[in-house]
Amino acid sequence: MASAGEKPNTTYSTTNWAEYQKGRPPYPPSLTELIYEYRRKHSKAGWERLVDVGAGSGIASTNFMPDFKIIHISDPSPSNEEQARPFLSGWAESHGLNPAFEYTQATGEEAYLKTGEKQADLVICATAAHFMDPEALSTSIAKMLRPRGTLAVYSYWMPTFPDKSQHFHDVFEKTLEGLVLKPNLSGGEAGRAMLTKVIERRMTGKGALDSLPLYEDLYDDRLRVYINAGTELPYRSLSRHFPHTIQKLDSMSRVNPGDQSVSYVSGVHPEAEGWAFESDKEGISRFLDSVRPLNNKVSEEEYRAVYGEWERTFDEECPSGTVRIHWPLYLALATRKES
């Protein structure tokens, strides 16, 4: 666990979150409603204290702020906390809300040491679980939750383009490979090891959270939600860069036979509303920039070559200047057992 004086070893420990958010999809009201609909089935679920694990700037907690008295932001990075404090207080004030805010610095695996055990009614982890040990994260959340409290771990994945050709997707995958994967792989043993873990956690099974165990002895009513997920994880072929990992991906899934599952598709189901929208070329560029490593090792020449092909393909297949995007979203829900 990183102390306040240590530099945390996380990819987004020094992120400019205002810029980051410009390139990422917002968490829509439909996601909040999915979680609340699940919670309403459990009448003993409380509404006092929410804990946001791996919170970054705390943007995900704003969806829940009107309904909880205490918002606890847990993140290992001092820089992230420094940005979260003014962002969340300003957001609350602008929306006429006045929750109590708490801030602690800890990894997701050890967050319970700072939040206290059996002190949370809802614990969320938004698009951050892939940087944490899945088993330790699930156990940590169980320790934080009060009996009948809710685990809600969710993560979106790379965008897909339902109206576009296979060539369009192939070029986008090639762009991800050149601007994101290869720079990380050239970042030394530490960078490669971290990326290998991320790939294992993200690409296991059929969804980006299938590596997260929902332990039967800790949780009831275990539910996995797949939105715009298709039959398999999009861009899973990128795992070819990790030959030792790809052979064991399917066997690493922690989905249990007793876990329930449900799938939704944007444009078909209201539960998937907000995960499909139009984007221009600049919007996709902002997303690509938001996932590029901070210590980018792509030369200007390489960048222009890789990104140039993507721009040409976009212009050829998107004469209107926009493209329809489907964002895959994976959500794990579970209720803490009473004993």
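The values are calculated or read from the model by the stated rules, or taken from the named source; none is laboratory data. Note that the structure is predicted; figures quoted are calculated from it, not measured. Note that each Cβ is placed from the backbone with ideal geometry, even for glycine, and that neighbours are counted across all protein chains shown. Quick note on the areas: whole protein, heavy atoms, side chains included, nothing else; ligands and nucleic acids left out. Shrake-Rupley method; radii C 1.70, N 1.55, O 1.52, S 1.80 Å.
Candidates are the residues of the stretch 198-221 that are in contact (Cβ under 8 Å) with a residue 60 or more places away in the chain and open to solvent by 30 Å² or more (accessible area, probe 1.4 Å); the one that is farthest from the chain's Cα centre (by Cα) is ASP217.
Among the residues of the stretch 138-153, those identified as among the β-branched types (Val, Ile, Thr) and either open to solvent by 20 Å² or more (accessible area, probe 1.4 Å) or in a helix (DSSP H, G or I) (or both) are THR139, ILE141. Here MET194 meets each of (1) touching a Lys or Arg at 6+ places or on another chain (Cβ under 8 Å); (2) assigned to a helix (DSSP H, G or I) with one exception, condition (1). The C-beta contact set for the stretch 24-45 (first residue aromatic (Phe, Trp, Tyr), second residue in a loop (DSSP other than H, G, I, E, B) and modelled with pLDDT of 95 or more, distance under 7 angstrom, 6+ apart or interchain) is empty.
Within the bounds of the stretch 165-187, is there any residue that is open to solvent by 50 Å² or more (accessible area, probe 1.4 Å), touching a helix residue (DSSP H, G or I) at 6+ places or on another chain (Cβ under 6 Å) and outside any strand (DSSP E or B)? Steps first, answer last, please.
Going through the stretch 165-187, the residues open to solvent by 50 Å² or more (accessible area, probe 1.4 Å) turn out to be 166-167, 170, 174, 182, 186.
Now restrict to residues that are touching a helix residue (DSSP H, G or I) at 6+ places or on another chain (Cβ under 6 Å): none.
Checking the stretch 165-187: not a single residue is open to solvent by 50 Å² or more (accessible area, probe 1.4 Å), touching a helix residue (DSSP H, G or I) at 6+ places or on another chain (Cβ under 6 Å) and outside any strand (DSSP E or B).
Okay, residues lined up against (1) buried (at least 18 other Cβ atoms within 10 Å of the Cβ); (2) assigned to a helix (DSSP H, G or I):
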| residue | (1), (2) |
| --- | --- |
| THR231 | no, no |
| SER251 | no, yes |
| GLU282 | no, yes |
| ALA305 | no, yes |
| ASP315 | no, yes |
| ARG324 | no, no |
| TYR330 | yes, no |
| SER339 | no, no |
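For first residues located in the stretch 305-334 and touching a residue at least 12 places away in the same chain (Cβ under 8 Å) and over 30 Å from TYR219 (Cβ atoms), partners that are outside any helix (DSSP H, G or I) and among the β-branched types (Val, Ile, Thr) and lie 6+ apart or on another chain with Cβ distances below 9 Å form the pairs VAL306/VAL298; PHE314/VAL323; GLU317/VAL323; ILE325/THR160. For the stretch 114-164, a residue qualifies if it is without any contact (Cβ under 8 Å) to a residue 40 or more places away in the chain and in contact with a helix residue (DSSP H, G or I) (Cβ under 7 Å, 6 or more places away or on another chain), and the qualifying residues are GLU117, ASP133, ALA136, LYS143. Against the list (1) modelled with pLDDT of 95 or more; (2) in contact with a strand residue (DSSP E or B) (Cβ under 9 Å, 6 or more places away or on another chain), the condition PHE287 fails is (1).
Going by the structure shown, is ARG286 in contact with a Gly (Cβ under 7 Å, 6 or more places away or on another chain), assigned to a helix (DSSP H, G or I), open to solvent by 60 Å² or more (accessible area, probe 1.4 Å) and of a type in the set (Lys, Arg)? Don't jump to the end; show me each part of the working.
Working: in contact with a Gly (Cβ under 7 Å, 6 or more places away or on another chain): yes; assigned to a helix (DSSP H, G or I): yes; open to solvent by 60 Å² or more (accessible area, probe 1.4 Å): yes; of a type in the set (Lys, Arg): yes.
Yes: the conditions hold for ARG286.
Among the numbered conditions (1) surrounded by 14 or more Cβ atoms within 10 Å (Cβ to Cβ); (2) outside any loop (DSSP other than H, G, I, E, B); (3) of a type outside the set (A, V, I, L, M), the only one that SER266 does not meet is (2).
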